[in-house]
Amino acid sequence: MFKTLYPFLICLLFFSCSNPPSKEENTKEEKEYRRTVGDIVFDPTIDSSPTGFSPCNANYSYQYYKFESNGIKYKGEKPQLVKEILDAYSPPEENLQSGYITIRFVVNCKVKSGYFRMKQIDTDYKPKEFSSAVGDQLKKIISNLRGWETKSSSKGRVYDYHQYLTFKIVDNQIKSIVP
């Protein structure tokens, strides 16, 4: 009985094996699935950065909450960050808009920021395009902040990290900033 099964099993094994993915397929998968959720890998079509910005480690950066001290690492902490943003922001008086603007970016190990990305939604959480007097102004303010601090491991190694700020906008006024 086994003598008649051997050819069948060999054929089954032969045809069930598939070729490993080609280098091109691996590259495509690597592009679609980042190393971690929310990873920001530079894309010149959507990212903006000050001239000369580059991450210290092009292969990896952490989320801001990955370190012992969670939250915002800014000189003077969140109260100082909020003060600097509100002092610099000039709400336009016309074309009143409401919704949420999230700006994500990378802070490198030299505490320079770059790779700015902006997502805008209305109060019903649907995509929305704020006027540049609101959205672009916030992006510019964030890119000019100079109080970011380094994030380091318990062993003292300094890392690049992703940070985000979400603004709740009501009639062009900033009502809250999270985290």
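The values are calculated or read from the model by the stated rules, or taken from the named source; none is laboratory data. This structure is a prediction, so every number in the text was calculated from the model and none was measured. All Cβ positions, even for glycine, are placed from backbone atoms using ideal geometry, and neighbour counts span all protein chains on display.
Listed values, structure above:
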{"quantity": "Selected residue (only one of Phe116, Phe167 is buried (at least 17 other Cβ atoms within 10 Å of the Cβ), within 20 Å of Cys56 (Cα to Cα) and not basic (Lys, Arg))", "calculated": "Phe116"}
{"quantity": "Within the stretch 135-179, tally of residues that are of a type in the set (Val, Ile, Thr) and over 24 Å from Glu77 (Cα atoms)", "calculated": "1"}
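So that you can scan it fast, the table gives a plain yes or no per residue for (1) modelled with pLDDT of 95 or more; (2) surrounded by 15 or more Cβ atoms within 10 Å (Cβ to Cβ); (3) touching a helix residue (DSSP H, G or I) at 6+ places or on another chain (Cβ under 6 Å):
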| residue | (1), (2), (3) |
| --- | --- |
| Pro127 | yes, no, no |
| Gln137 | yes, yes, no |
| Asn144 | no, no, no |
| Ser176 | yes, no, no |
